[in-house]
Amino acid sequence: MKIFLDSADIGEITALCDTGFVDGITTNPSLIAKSGYNILETIAEICSLVDGPVSAEVTATDFKTMLTEGQKLAAIAPNVTVKVPLTRDGLMTCRALSDAGTDVNVTLCFTAGQALLAAKAGAKFISPFVGRLDDIGRDGMGLIEEICSIYANYDYDTEVLVASVRSTQHVVDAALMGADVVTLPPKILTALYHHPLTDSGLDAFLKDWKATGQSIL
Ligand code: E4P
């Protein structure tokens with residue numbers, strides 16, 4: 001399963017890319033706003049730091065303007081994936097960009113029916129938002145299970161990109177279900193390799209080691 005980082009913060013991205021776990025980046029208009037920087041410059045800089053796909057989202061809502069924005073974002077770097085919302089015009093933009101050879105990530109997906117349409121529109125990625133569904137008392141991971149089954153039934157190439165991840169359990173569940181990608185806020189990526197028993201176990205090993213007076217080097 002690929003791991004993307006859900007961030008537009010250059011400092012965070014640089015630090016976590018050094019771990020070797022980051023296969024790509026997703027951004028959205030809120031994350032760009034939080035960064036405080038220009039979208040075109042920020043996406044260009046992220047693309048220079050990361051080899052994998054970098055999702056950059058359009059902000060228009062009509063087909064014609066979305067397409068023009070998508071073409072402009074795609075021209076920034078070869079690894080830009082254009083992100084469009086799951087609306088009628090967003091799906092039409094997905095079809096047009098995909099037909100022209102541009103990868104598209106269809107975002108803000110909340111039902112399996114929406115995901116089916118994104119696959120038919122030629123999306124490279126579908127982004128179901130599991131955390132936001134859980135927030136309103138729905139079963140976010142249940143949606144991932146449905147989409148994975150539907151895509152497998154018809155051999156769709158669209159990759160299931162689990163978004164709006166709130167916990168390490170979401171990551172484990174996504175892997176068990178065979179999702180292709182998870183996009184993680186930095187704190188969830190960091191939480192994945194932390195465990196209190198790892199920390200206390202290491203403390204005990206180091207204490208015992210120190211008492212031997214030995215050195216490996
Ligand atoms: C994914 O592409 C989205 O940017 C993101 O996962 C949304 O997460 P949130 O619901 O925590 O804002």
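Bear in mind that the values in this text are calculations on the coordinates, not laboratory data. The model shown is predicted, which means the values in this text are computed figures rather than measured ones. Methodologically, a virtual Cβ is constructed for each residue, glycine included, from the backbone with ideal geometry; neighbour enumeration extends over all protein chains shown.
With θ taken as phi - 60° and the coefficients 6.51, -1.76 and 1.60, list the Karplus ³J(HN,Hα) couplings across the stretch 100-113 in order, rounded to whole Hz; mark glycine and proline as x.
Working through the residues one at a time gives 8, x, 9, 6, 10, 10, 8, 10, 6, 9, 10, 9, 5, x Hz.
Please work out the C-alpha center-to-center distance from the stretch 32-52 to the stretch 80-146 and express it in whole Å.
Spelled out, the Cα-based centre of one part sits 22 Å from the other.
Can you compute the modelled spin-label distance between PHE21 and ALA60, with each label point 7 Å from Cα toward Cβ, in nm?
So the two model labels end up 3.9 nm from each other.
Could you derive backbone 3J(HN,Hα) for the stretch 70-80 from the dihedral phi with the Karplus parameters 6.51, -1.76 and 1.60 (θ = phi - 60°), listing whole Hz in sequence and x where the residue is Gly or Pro?
x, 5, 5, 5, 5, 6, 5, 6, x, 8, 6
For all pairs of alpha-carbon atoms in the chain, what percent lies in each bin of width 5 Å, listed from the first bin to the last filled one?
1, 7, 15, 17, 18, 15, 10, 5, 3, 3, 3, 2, 1, 0, 0
If exposed chymotrypsin sites (Phe, Trp or Tyr not before Pro) are those in a DSSP loop with at most 16 other Cβ within 10 Å, what is the longest stretch of the chain that has none?
Here the longest segment lacking exposed loop sites spans 38-192.
Report, in debye and to the nearest 20, how large the dipole of the stretch 2-212 comes out about its Cα centre when Lys and Arg carry +1 and Asp and Glu carry -1 on their Cβ.
In total the dipole reaches around 300 debye.
What is the set of long-range amide H partners of THR26 at a cut-off below 5 Å, with H atoms built 1.01 Å from backbone N?
The list, which skips near neighbours in sequence, is LEU5, ASP6, SER7, SER55.
Obtain the nm distance between the two label points defined at HIS195 and THR212 by a simple spin-label model: each point lies 7 Å from its Cα along the Cα-to-C-beta direction.
Result for the modelled spin labels: 2.3 nm.
Which of LEU197, VAL165, ALA74 sits closest to the plus end of the dipole of the stretch 2-212, meaning its Cα is farthest towards the positive end, when Lys and Arg get +1 and Asp and Glu get -1 on the C-beta?
Checked the options; the winner is ALA74.
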